[in-house]
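Novice: Here it is, the structure in full.
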């Protein structure tokens, strides 16, 4: 039998009706295949939150909250006051906060990863967001951060983000990759009202024309250079390294999926990386942000949760990880019909 057949046989012979544990059975099978094991495990699960500022956010064109909120939230993460702190603490998940490009000089003693590429990107409504060298530096740093976490014994990782205005970059990435109209990609982000949403859409349509996002020949690095954020570029690099290390990768929401789109495009052009469809991806939830469902449909992805969330920070991933732990626990610890002396279906 193949490994998949052996795993399915093991799942089917637990003391339960066939399929009675629903999606937990699918997760157990998938994690076993990812890890090439009949006894998979979730070891030292970890969430990495990448923070970065966007030059356009300082103009107020696309966001109701001021740019300063990005740095304020980084401090909130450090103080343990954000939703991601609550959920990682509750579920015994490691948490690393990364300054990928916040427009503030944090004290060097602050317990975060100080990986600042620059003090936020440039305003992409008038110029490129970052240089190609900055794109490469961010991708490389994201990979190095994941390598260090992997070396500590972690085999399951999720990524989150913080960056006022970053739903706009994510919507532009989606618009380019899927070649969908922007009104199918742009959402309310951090609580835009109807008037603000229309203004945001109008501004991003101008941005799309400026950067020729209808050009499907743009390289992923060029795409990031034009409209990306440092936190998105760094997260793309993190995905690539996690795939290389064959980790279980728990994908969060809208922005995290946009970064995954970029990582997928990079992988298509790099023969040294494993094929995208072989990555150990588990999709945590379907965000309530406009467009995320279409992203998941494109990836043929079935999310674990659907809670109407659109917070970011990796919160969906942190909530899904305990279910992955439950999936491998039943596979490894639940009795079979034979060992329990229970009669199976005749």
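Quick note: the coordinates plus some simple rules give every number you see, no bench work behind them. The structure presented is a predicted model; accordingly, all values stated were derived computationally and were not measured. Virtual Cβ from ideal backbone geometry, glycine too; neighbours counted across all protein chains shown.
Novice: I want the antiparallel fraction of DSSP beta bridges within the chain, as a percent rounded to 5.
Specialist: The antiparallel fraction comes to roughly 5 percent.
Novice: Say we join alpha carbon atoms closer than 10 Å with springs in a Gaussian network model of the chain; which of 143, 189, 22 then has the biggest fluctuation?
Specialist: Most flexible of the set in this elastic network: 22.
Novice: What order do you get for 77, 276, 283 when you list them from fewest to most C-beta neighbours inside 10 Å? Walk me through the numbers on the way to the answer.
Specialist: Values: 77 22, 276 17, 283 25.
If I rank by nearby Cβ atoms, fewest first, I get 276, 77, 283.
Novice: Another one. Per DSSP helix of 4 or more residues, -39500 (n - 2.57); summed, then divided by the residues of the chain. What does that give at 222 nm, rounded to the nearest 500?
Specialist: Numbers: 13 runs with 160 residues, N = 346.
Dividing the helical sum by the residues of the chain leaves -14500 deg cm²/dmol.
Novice: Under a plain spin-label model, where a point goes 7 Å from the Cα along Cα-to-Cβ, how far apart in nm are residue 92 and residue 127?
Specialist: 5.1 nm
Novice: When the Cα centres of segment 162-206 and segment 79-126 are compared, how far apart do they sit, in Å?
Specialist: When both Cα centres are located, 23 Å separates them.
Novice: Another one. Can you tell me the orientation of helix 69-79 relative to the chain, as the angle in degrees between its alpha-carbon axis and the longest Cα principal axis, to the nearest 10?
Specialist: Roughly 40 degrees, rounded to the nearest 10.
Novice: Stretched out fully, how many nm does the piece from residue 206 to residue 75 gain, at 0.36 nm a residue minus the Cα gap?
Specialist: On the way: separation 131, 0.36 × 131 = 47.16 nm, distance 3.38 nm.
Result for the pair: 43.8 nm of gain on full extension.
Novice: Now for a different question. Under a crude label model (7 Å from the Cα following the beta-carbon direction), how far is residue 36 from residue 59 in nanometres?
Specialist: Distance between label points: 5.0 nm.
Novice: Can you sort 116, 302, 200, 44 from fewest to most other Cβ atoms within 10 Å of each residue's own Cβ?
Specialist: Ascending Cβ contact count within 10 Å gives the list 302, 44, 116, 200.
Novice: Enter the angle in degrees (range 0 to 90, nearest 10) between the Cα long axis of helix 194-210 and the first principal axis of the Cα atoms of the chain, meaning the one along which they spread out most.
Specialist: Once rounded, the angle reads 80 degrees.
Novice: Report the paramagnetic label zone for residue 4: residues of segment 19-56 whose backbone N is under 15 Å from a point 7 Å from Cα along the Cα-to-Cβ axis.
Specialist: Of the residues in segment 19-56, 26-37 have backbone N under 15 Å from the label point off residue 4.
Novice: Whole angstrom only: what separates the Cα centroid of segment 255-273 from the Cα centroid of segment 312-346?
Specialist: That distance is 30 Å.
Novice: What three numbers, in Å, describe the spread of the alpha carbons of the chain along their principal axes, ordered from the longest?
Specialist: 70, 44, 41
Novice: Would you mind checking the tilt of helix 3-12 against the longest principal axis of the Cα atoms of the chain, expressed as 0 to 90 degrees and rounded to 10?
Specialist: Value to nearest ten degrees: 70.
Novice: Next question, about the same structure. Bin all alpha-carbon pair distances of segment 192-244 at 10 Å intervals from 0 and give each bin's fraction as a whole percent.
Specialist: Over segment 192-244, the share of Cα pairs per 10 Å bin runs 21, 35, 32, 10, 1 percent.
Novice: A further question on this structure: Counting other beta carbons within 10 Å of each residue's own, what order do 96, 167, 88 fall into, fewest first?
Specialist: Going from least to most buried by this count: 96, 88, 167.
Novice: Taking 7 Å along the Cα-to-C-beta vector as the label spot, tell me the residue 297-residue 183 distance in nanometres, rounded to one decimal.
Specialist: 1.7 nm
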